[in-house]
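Where a number appears in this text, it was derived from the coordinates with a stated rule and is not lab data. These numbers come from a predicted model, not from an experiment. Virtual Cβ from ideal backbone geometry, glycine too; neighbours counted across all protein chains shown.
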Amino acid sequence: MDHIHRWRPKPAALPYSKEQLKALFRRFDSDKDGRLSKSELKKAFNELGSRVAAFRALGALQHADENGDKFISDGELEALLQYAVALGYTIKKK
């Protein structure tokens, strides 16, 4: 046998912390108005690796948009983070 194949464990998938998620979501506040729109949420969930980013953005709004204005404001961010953490996204090695 010319090649010896050695088993190498996959690196452990590390979950995002709430602080990392908060920074990621804030990065996608493209108009810097302190609120996340459905479009901005979709881009953020796409960055997290979601295969159904539009669906996740709608779910985030349903879960965290307490005042029904179709945006996630700073006061609603904690509920958004709880939603995102529960989905179990992990940090991807590049």
* Is there any pair with a first residue in the stretch 23-52 that is more than 22 Å from ASN67 (Cα to Cα) and a second that is charged (D, E, K, R) and surrounded by fewer than 15 Cβ atoms within 10 Å (Cβ to Cβ) whose Cβ atoms are under 8 Å apart and which are 6 or more apart or on different chains, and what are they? -> GLY49/LYS92
* Collect the residues in the stretch 60-86 that are of a type outside the set (Ser, Thr, Tyr) and surrounded by 16 or more Cβ atoms within 10 Å (Cβ to Cβ), keeping them in residue-number order. => ALA60, LEU61, HIS63, ALA64, ASP65, PHE71, ILE72, GLU76, LEU77, LEU80, LEU81, ALA84
* **Hits in the stretch 23-81 (condition: outside any loop (DSSP other than H, G, I, E, B) and among the aromatic types (Phe, Trp, Tyr))** => PHE25, PHE45, PHE55
* Just give me the residues in the stretch 76-94 being over 14 Å from PHE25 (Cβ atoms) and either without any contact (Cβ under 8 Å) to a residue 60 or more places away in the chain or of a type in the set (A, V, I, L, M, F, W, C) (or both), in sequence order. => ALA86, ILE91, LYS92, LYS94
* Looking at the stretch 23-42, which of its residues are out of contact with any strand residue (DSSP E or B) (no Cβ under 9 Å at 6 or more places or on another chain) and surrounded by 18 or more Cβ atoms within 10 Å (Cβ to Cβ)? -> LYS42
